[in-house]
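Below: the structure, in structure tokens.
The values are calculated or read from the model by the stated rules, or taken from the named source; none is laboratory data. On a predicted model such as this, the values are computed, not experimentally measured, just so you know. Cβ atoms come from the backbone with ideal geometry, glycine included; neighbour counts cover every protein chain shown.
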């Protein structure tokens, strides 16, 4: 994965800002009442293209008036704004070129807007010919004919079924794939193949590939709909059809990676495993260490590997299957042969990799992050206490009745190789009673704001030390603090602060996690997870978080944070253990708030125990209080911040109002002048000679046309102003408020 | 001397043996107070004498002192005396012994109440001059001893005779003979309970006298005594010799006609093509045939066209929709929360697609029983969302897939069956290792096999029960194996006595209105099939076919029996269980709504589903809320595993709905509906009537019907002032009236 190409983006950012303020045209209404608007790329249509082609795409974005550059993580994909006949950019439209050497696969795109860099959206690159759905294929008569092979980019509508047809050859095998969830769509697709009259023959409703062998030659239908017949712009899909030899294995189509996949693979894992499962062997002999590839196939498959081990040995066992994208739940039992060789005795059992943080339950409100870093895979320690003959019994707890040869696994048994991996996501918290928002949170910072990332780690093979985080490539004026996961802990908080005077900017940040393990210093890039869609209520729509590539960070000055709470001095505040530390804080207030008081908690390693304290939202300063008797941190230096939630009277893009008012005034003046000209021309016509009449009539027609154009313009600007005013009307919006970080030194008493 | 002593010993031993054998043959003591009033009574057995008296008197019935909570008015007995020791405690020890008086047994509260000498809510249950009364008095006089450990164990009961051929109006006295483990036997007729499975065919009194009515067929009398069940089966032929039966097309006909021959019941005639097509379309695909299908079918001269039509229906999506609707109701696919929609749709679709693909029934059940993973990746997991308690899981599986109702055995020995609480918890043990992990969807879990030795403790004894299917055992299931797979293996075994029988009987009922065993999910020794040979043959065929559901349907509807007319003849008009004719039945709610829509050329709009979705394709019960039609015609709420949740009876509300409800009226008056379409067409009135009859009844009108209908259509309507209204409008309104009359006719409402 490479970072998005930003050099053009930087140049255009100021231009976007100016245009957006002027246009004041939010793409999507801001219905949410939690979290300030962030820029989000919702869809690209078509959502994929063929290698070596150039074509037009249309995007839909949220909280973005006039989308700027469309940026791809792979520079082999380039987008330029599409221009109209006058050479002006057409809103939301781009011409896209995919280089001939661009590998097929999934790539992320983001778009830059007034508020900064958007959330990511998948764009597919393939080798098959591509077509785009023509609207109206919601009945058999209007079925779209698909060539074999080809891909169709489409969107399903609410309560609708999309119809396609293809010509089948008797006895041939057709692989029909409807890519949806794996390319960021909200669609849980149903794919049905029917005969020429549309009578159903076979259906696939689990999102999996449909494997169809035609019993008869001739036209067949394909029907696509959402499992519960939902639809709309977010329910896009790529329908591909290919012919495959009868005995060819079913292909696995590319898909985004689940959050759990951040912990795979372990460092230094060979590209190919050294041992392959022997499916016809009841129990396979191996020697340790071992790196085995196998599969949970057929149904209720149990794979057994036998080996000799010596007392005192310690082995680490890791199994990946769910993290490879398979719907499995591996379970591994270690057994030792009884001394009389009559049977096997249980030694230990391995199940599941626990999430580093307990994810939120489905209760009334959040009681943890809405991200789950755990997996149904296996990572555990095997201590051999007695020399003897052992075996690993590996099965899939989800595999009792399912037989899918694609359910592969990788089983690694190794001596300890202490290591770690790190993933981060935007902090979510309950912002009002019962709030369960699961919004995608790009790192689009408002100047004067501090945002928090929860950083969690999966530790391998006994590694328990501190993990340091280093951040490079932040935009000017943005700083990062809270750069460590303490020893023995699974979670840290990384704070990104855009200074109040930070300039507009964007850059690709690189965040690296580093730890000293033994004599070695080991570094890994931090991965990021993000909600695919902005879900206002995780009860009504199940969020689908995934890993994203790259960490673009932007700063906007179009809007500033509604409030900045910063320590009065940039220094290290000291106190002895057991004392109460009071830190003077300065408030920079830029918005009205509902309520007078902001209740602040403390974030920082171990500082969660600090009692909550109140500050006045109306005041220009306050005092942060840390009770070190409650927190009881070991002496040392810490970075902490204070956070809570407040309801701002948020106004969306108010600067656009005056610009629109000026535009209206100017248009009305032009309209007035045109009206006067028209009056003159009308009067002149009455007193003009016959030979001049023709020319005068032409002038009158011209004046009339001009007047009509200006009338229309005035009406359009009036409507725009009305819309801008509506958008800028103060709206209660709950937001996470985080102070600028404070450095604290705790001294021994 | 030694030889003399030896001889003496042998002779003594011989006499002792004779005495012992004689005593054994005598069995438990029978108190013959009436015949031997002066004889000194021996010890009275509480278990073998007192409790059966209480059972016969109804004291320990579920509606009386054996009520589940606390008996009746503070006095509790175990159901039907299944727990003697508990009964001993309640009778003798509870309430400081106030219920019995050893010194004055006749003054015991138990007897004063039972004889009505003091007020008793249950009325008089014992005659003070009867033997049973005297037995209890004597038991109390002897100290009301508990003999649960020492009493001779009952082994079985035999009904004499076990079967008979009885003429209408005949009577038959039954005897119940109890056999004990010590080899003794006893006539327990007086204390046994008798119950007819079809009181319209035969009644039985308390003394065991069966009186046959005048309906021909088979009838059973269930006889219960102390947890044992026996059956008397009577054939009631009528005095009519059937000379000729229609040609048998398959074994179904051979066995049905053979039975009818024995009973002297002739069949009705073979039904005509039009009625057949309507019937089979409704039964297989839940819809009326289209006019095109009807015309094409009637014009087809092929001898095999009925079989061809069956094949076309079986290949249709509507077949899968219709039967998925049937199965998902029993599998409780109900929506209690908006978030259930995804799992409900996924589950419904899995059932529907399985039926469409004709997945073998045993495989389908296996995938459901042993489902693991998430709902989206493996939809049968959704069943475990609906049915979370292992006890409910076993009860539903037993009733739905085995036709055995196990609910009773959770708390006590099954009253009509051999199932004990141990059987109940042994079956529950198959579900004891179902593990759950939370998902992002509220109320929805991932299901996995939780490693460990499967077992469930018997709630009464506390003893751990390992998995064992009904009446059988499986090898010990190691902790690594999902016991549910073993249960599925047992079910799919060709020797399984329940699995195939339950589904063929259920499907038989679907097509023939009445199960061979009725109710269809209550298969037990005491509830025999009306035609056991037929049931066994269907079962064998189904197993041999590889549990092929389409083959089962094909077998049932290809038969001549299925294709008999519903019009009775004088000799089979009373037959309600031997299938001598097709038994008409009201269309199910969804089928009827679709039929009205098809007939009216309209479509009911269901929330969130594509326009045009048929009512038989609704995935769950949530649509009942928005459709008064479905509600009033009894579409189930998917709360029960029993098909009886669907209301198939007729009601005044249904009649009123069809006659007056807005949703029906709006369909008839639809601007795109049939009345409008016909009014605008250039068809003659006769052609219009013919179209209406073809689409509603799948037949042409009779000359009388045609004349009446045409006469009505061409009638000119008048306005309030008596002036003729516009002829077009008049025709449109007359057409609407005619459609209204048609959908309110029995011929439309019934499959016949």
Legend entry - Boolean, residue B:307 is touching a helix residue (DSSP H, G or I) at 6+ places or on another chain (Cβ under 8 Å) and surrounded by fewer than 23 Cβ atoms within 10 Å (Cβ to Cβ): yes
Inset, instruction - Specify which of the listed residues (B:187, B:182) is in contact with a helix residue (DSSP H, G or I) (Cβ under 7 Å, 6 or more places away or on another chain), surrounded by fewer than 20 Cβ atoms within 10 Å (Cβ to Cβ) and either assigned by TED's automatic domain parsing to the domain that holds residue B:409 or at pLDDT 90 or above (or both). - result: B:182
Inset, instruction - Scan region A:385-396 and give yes if some residue there is over 22 Å from residue A:312 (Cβ atoms), out of contact with any strand residue (DSSP E or B) (no Cβ under 8 Å at 6 or more places or on another chain) and crowded, with 22+ Cβ neighbours inside 10 Å, otherwise no. - result: no
Inset, instruction - Could you tell me whether any residue of region A:168-181 is within 14 Å of chain B (Cβ to nearest Cβ) and surrounded by fewer than 21 Cβ atoms within 10 Å (Cβ to Cβ)? - result: yes
Inset, instruction - Output yes when any residue across region B:406-420 is under 21 Å from the mean Cα position of the chain (by Cα), under 30 Å from residue A:188 (Cβ atoms), in contact (Cβ under 8 Å) with a residue 24 or more places away in the chain and away from chain A (no Cβ under 14 Å), and no when none is. - result: no
Inset, instruction - Of all residues in region B:605-640, count the ones that are at negative phi, more than 14 Å from every other protein chain (Cβ to nearest Cβ) and not in a helix (DSSP H, G or I). - result: 9
Legend entry - Candidates A:509, A:502 - the one that is not in a strand (DSSP E or B) and not assigned by TED's automatic domain parsing to the domain that holds residue A:115: A:502
Inset, instruction - Sort out for me the helices (runs of 4 or more DSSP H) sitting completely within region B:685-752 that have 2 or more residues that are within 18 Å of residue B:669 (Cα to Cα) and under 43 Å from the mean Cα position of the chain (by Cα). - result: B:685-697, B:727-743
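This table checks each residue for (1) away from every other protein chain (no Cβ under 11 Å); (2) over 22 Å from residue A:458 (Cβ atoms); (3) surrounded by fewer than 14 Cβ atoms within 10 Å (Cβ to Cβ).
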site	(1), (2), (3)
A:306	yes, yes, no
A:318	yes, no, no
A:327	no, no, no
A:333	no, yes, no
A:340	yes, yes, yes
A:349	no, no, no
A:365	yes, yes, no
A:371	no, no, no
A:382	yes, no, no
Inset, instruction - Restricting attention to strands (runs of 3 or more DSSP E) lying wholly within region A:609-694, give those where 2 or more residues are in contact (Cβ under 8 Å) with a residue 40 or more places away in the chain and surrounded by fewer than 17 Cβ atoms within 10 Å (Cβ to Cβ). - result: A:621-627, A:636-650
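Can you pull out every residue in region B:358-370 that is touching a helix residue (DSSP H, G or I) at 6+ places or on another chain (Cβ under 7 Å) and either at the interface with chain A (Cβ under 7 Å from one of its Cβ atoms) or under 20 Å from residue B:317 (Cβ atoms) (or both)? Can you show your working first?
Filtering region B:358-370 for residues touching a helix residue (DSSP H, G or I) at 6+ places or on another chain (Cβ under 7 Å) gives B:358, B:361-362, B:364-370.
Once the filter is applied, which keeps residues that are touching a helix residue (DSSP H, G or I) at 6+ places or on another chain (Cβ under 7 Å) and either at the interface with chain A (Cβ under 7 Å from one of its Cβ atoms) or under 20 Å from residue B:317 (Cβ atoms) (or both), region B:358-370 yields B:358, B:361, B:364, B:366, B:367, B:370.
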Inset, instruction - Just give me the residues in region B:43-66 being in contact with a helix residue (DSSP H, G or I) (Cβ under 6 Å, 6 or more places away or on another chain) and buried (at least 22 other Cβ atoms within 10 Å of the Cβ), in sequence order. - result: B:44, B:47, B:49, B:50, B:51, B:52, B:53, B:55, B:60, B:66
Legend entry - Matching residues, region B:167-215, being over 29 Å from the mean Cα position of the chain (by Cα) and under 20 Å from residue B:130 (Cβ atoms): B:178, B:186, B:187, B:188, B:190
Legend entry - Residue under evaluation residue A:225, criteria (1) under 28 Å from residue A:372 (Cβ atoms); (2) within 14 Å of another protein chain (Cβ to nearest Cβ), criterion not met: (1)
Legend entry - Failed item, numbered, when residue B:383 is tested on (1) more than 14 Å from chain A (Cβ to nearest Cβ); (2) at pLDDT 90 or above; (3) under 21 Å from residue B:644 (Cα atoms): (1)
Legend entry - Residue in region B:324-366 that is surrounded by the fewest Cβ atoms within 10 Å (Cβ to Cβ), counting only those that are free of Cβ contacts under 8 Å to residues at least 24 places away in the same chain and not in a helix (DSSP H, G or I): B:336
Inset, instruction - Scan region B:494-508 and give yes if some residue there is more than 14 Å from chain A (Cβ to nearest Cβ), surrounded by 15 or more Cβ atoms within 10 Å (Cβ to Cβ), on the phi > 0 side of the Ramachandran plot and in contact (Cβ under 8 Å) with a residue 40 or more places away in the chain, otherwise no. - result: no
Inset, instruction - Determine, yes or no, whether residue B:461 is in contact (Cβ under 8 Å) with a residue 24 or more places away in the chain and away from chain A (no Cβ under 14 Å). - result: yes
Inset, instruction - Mind listing whichever residues of region A:271-304 are part of a strand (DSSP E or B) and away from chain B (no Cβ under 14 Å)? - result: A:275, A:276, A:284, A:285, A:290, A:291, A:292, A:293, A:294, A:295
Inset, instruction - Could you tell me which numbered condition residue B:441 fails, if it satisfies all but one of (1) under 28 Å from the mean Cα position of the chain (by Cα); (2) within 14 Å of chain A (Cβ to nearest Cβ); (3) at pLDDT below 90? - result: (1)
Inset, instruction - For residues that are out of contact with any strand residue (DSSP E or B) (no Cβ under 9 Å at 6 or more places or on another chain) and surrounded by fewer than 15 Cβ atoms within 10 Å (Cβ to Cβ), scanning just region B:68-95, find the one that is nearest to residue B:188 (Cα to Cα). - result: B:85
Inset, instruction - For residue A:372, indicate whether it is assigned to a loop (DSSP other than H, G, I, E, B) and under 22 Å from residue A:258 (Cβ atoms). - result: yes
Inset, instruction - Confirm whether residue B:207 is under 20 Å from residue B:571 (Cα atoms) and not assigned by TED's automatic domain parsing to the domain that holds residue B:409. - result: no
Legend entry - Checking residue B:403 against (1) in a loop (DSSP other than H, G, I, E, B); (2) within 10 Å of chain A (Cβ to nearest Cβ); (3) crowded, with 22+ Cβ neighbours inside 10 Å, the condition it does not meet: (2)
Legend entry - All positions within region A:140-150 that are in contact (Cβ under 8 Å) with a residue 40 or more places away in the chain and within 20 Å of residue A:169 (Cβ to Cβ): A:143, A:146, A:148, A:149, A:150
Inset, instruction - Would you be able to say whether some residue in region A:546-566 is within 14 Å of chain B (Cβ to nearest Cβ) and in contact (Cβ under 8 Å) with a residue 12 or more places away in the chain? - result: yes
